[in-house]
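Before any comments, here is the structure.
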Amino acid sequence: MKRMFLLAVLALGLVLGSACGARTNSQGDSPNEELIVIGMSQVGAESDWRVANSESMKAVFSEENGYRLLFNDARQKQENQITAIRRFIQQQVDYIVLMPISESGWDSVLQEAKEASIPVILVDRMADVEDESLYAAHIGSDFLREGTLAVNWMESGFRERGETLGIIHIQGTLGSTAQLGRTAALEAAIETHGHWELLAQLDGDFTQAKAYEVMTDYLSGVPGQRRIDVVYCENDNIAFGALQALEEQGYRCGREGVNIITFDATRGALAECLNGKISLVVECNPLLGPLVEEAIQTMEAGGTPEKHRYVEEQAFTQEDLTEALIACREY
């Protein structure tokens, strides 16, 4: 009897010992010491860029690569992201990856993650928090620089023009980092160029349908055809909606008509640039999965990742493009 009791105690100790420090699976109910568990809250699937960004994350954070990914689609609602983060905390994930819908409103929930000792990595957009220790790293684009690339092209392309430059500005999701940076660059340039006139500032919410709607409404309210020189679109899907609305109203788009400027550089936008309908495409690289993994592996090894890491990006005009180059693009 004593021998049986000792064997039972030994077996129980082995079970408890093997569970100690193990990682949880996607349900949080069965330990798996092989996989790193990532809780990820994505904005949604509002644009081609966003879809490519999600695919990049899913490709990297696969079980074959040693991860278990809990992927949440917030459907463009910040409250859904906050709920998802709290669920990830309850599930005791190893890392939280957040693509913030807007910059504000994150202090409380990120404080909860910090208290649970779960590092948070911000991807694409930033979170405006008082305490920067609430997130471990931010990986994405320099949106102000992107806007500056577009403004520099406008300055060089219309430098010798003495008459007014009429600009329509279609913004992305208000309060998002991409919107704030790209808007800031344009507004600063308009203030310094006396002959640049902002004809309208419209809310496109980063979607093709919304951009088509607001652009159609604007053009329908203009008697005849007003001279429009530039439509500054804060992402490719906005540009597609604006292009459709302009052409339906009889406007010619391209260097001899309305110059459409866009951001992202998806294959669709580059194709429209090659055929001359979009004048400038500024790259915003969505393939951030490998860089996020680098940050996580740095922390796994006990290191501290770079606080802000920006990807390299460029701008394209028709002269820079070929069909072969576009075909080689991953998004």
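The values are calculated or read from the model by the stated rules, or taken from the named source; none is laboratory data. Since this is a predicted model, take the numbers as computed values, not measurements. Ideal geometry is used to build each Cβ from the backbone, glycine not excepted, and the neighbour counts take in all protein chains shown. Areas reflect the complete protein model, heavy atoms only, side chains present, ligands, DNA and RNA absent. Shrake-Rupley method; radii C 1.70, N 1.55, O 1.52, S 1.80 Å.
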- Under 13 Å, Cβ to Cβ, from residue 41 - net charge with Lys/Arg +1 and Asp/Glu -1: +3
- Message: Please list 3J(HN,Hα) in residue order for the stretch 93-105, calculated via the Karplus relation 6.51 cos²θ - 1.76 cosθ + 1.60 where θ = phi - 60°; whole Hz, with x for glycine and proline.
- Response: 5, 7, 9, 10, 10, 10, 9, x, 5, 10, 7, 9, x
- Tilt, helix 289-300 to longest principal axis of the chain (alpha-carbon atoms), in degrees rounded to tens, equals 30
- Task: Could you rank the peptides 240-250, 221-231 by their average count of other C-beta atoms within 10 Å per residue, with the highest value first?
- Result: 240-250, 221-231
- Sequence order, the stretch 71-80: Karplus ³J(HN,Hα) from phi using 6.51 cos²θ - 1.76 cosθ + 1.60, θ = phi - 60°, Hz rounded, Gly and Pro as x, gives 9, 10, 9, 7, 6, 6, 10, 5, 4, 5
- Item | Extended-chain gain in nm, criterion 0.36 nm per residue less alpha-carbon gap, residue 308 and residue 328 | 4.3 nm
- Message: Just to confirm the number: angle between the C-alpha axis of helix 143-157 and the first principal axis of the chain, 0 to 90 degrees, nearest 10?
- Response: 20
- Message: Using a Cα-Cα cut-off of under 30 Å, which lysines could be cross-linked to residue 58, ignoring same-chain neighbours fewer than 8 residues away?
- Response: 77, 114, 210, 307
- Note on the structure: Heavy-atom accessible area of residue 180, protein chains in place, probe 1.4 angstrom, given in Å² to nearest 10, is 80
- Query: So if we plug the beta-carbon distance of residue 107 and residue 226 into 1/(1 + (r/R0)^6) with R0 = 51 Å, what FRET efficiency do we get, rounded to 0.05?
  - Reply: 0.70
- Item | Ranked order, 308, 193, 138 - accessible area, probe 1.4 Å, largest first | 308, 193, 138
- Task: Figure the gain on full extension for residue 299 and residue 319 (residue separation times 0.36 nm, minus the Cα-Cα span) and round it to one decimal in nm.
- Result: 2.9 nm
- Query: Helix 48-60 versus the longest principal axis of the chain: what angle, 0 to 90°, nearest 10, using Cα atoms?
  - Reply: 30
- Task: Quote to one decimal, in nm, the extra length available between residue 63 and residue 156 on full extension: 0.36 nm per residue of separation minus the C-alpha distance between them.
- Result: 28.6 nm
- Query: Each label point is 7 Å from the Cα along the Cα-to-Cβ direction; what then is the distance between the points at residue 164 and residue 248, in nm?
  - Reply: 2.7
- Task: Order the following by accessible area, largest value first: 156, 141. Probe radius 1.4 Å; ligands, DNA and RNA are ignored.
- Result: 156, 141
- Note on the structure: Here, residue 83 and residue 51, labelled 7 Å along Cα→Cβ, have an inter-label distance in nm of 2.5
- Task: For every other residue with a beta carbon closer than 13 angstrom to the beta carbon of residue 80, add +1 if it is Lys or Arg and -1 if Asp or Glu, then tell me the sum.
- Result: +2
- Message: Please list 236, 320, 205 from largest to smallest accessible area, probe radius 1.4 Å, with all protein chains kept in place.
- Response: 320, 205, 236
- Message: Below 17 Å, Cα to Cα, which aspartates and glutamates can residue 277 reach? Residues fewer than 8 away in the same chain don't count.
- Response: 229, 234, 236, 247, 248, 256, 264, 319, 320, 323
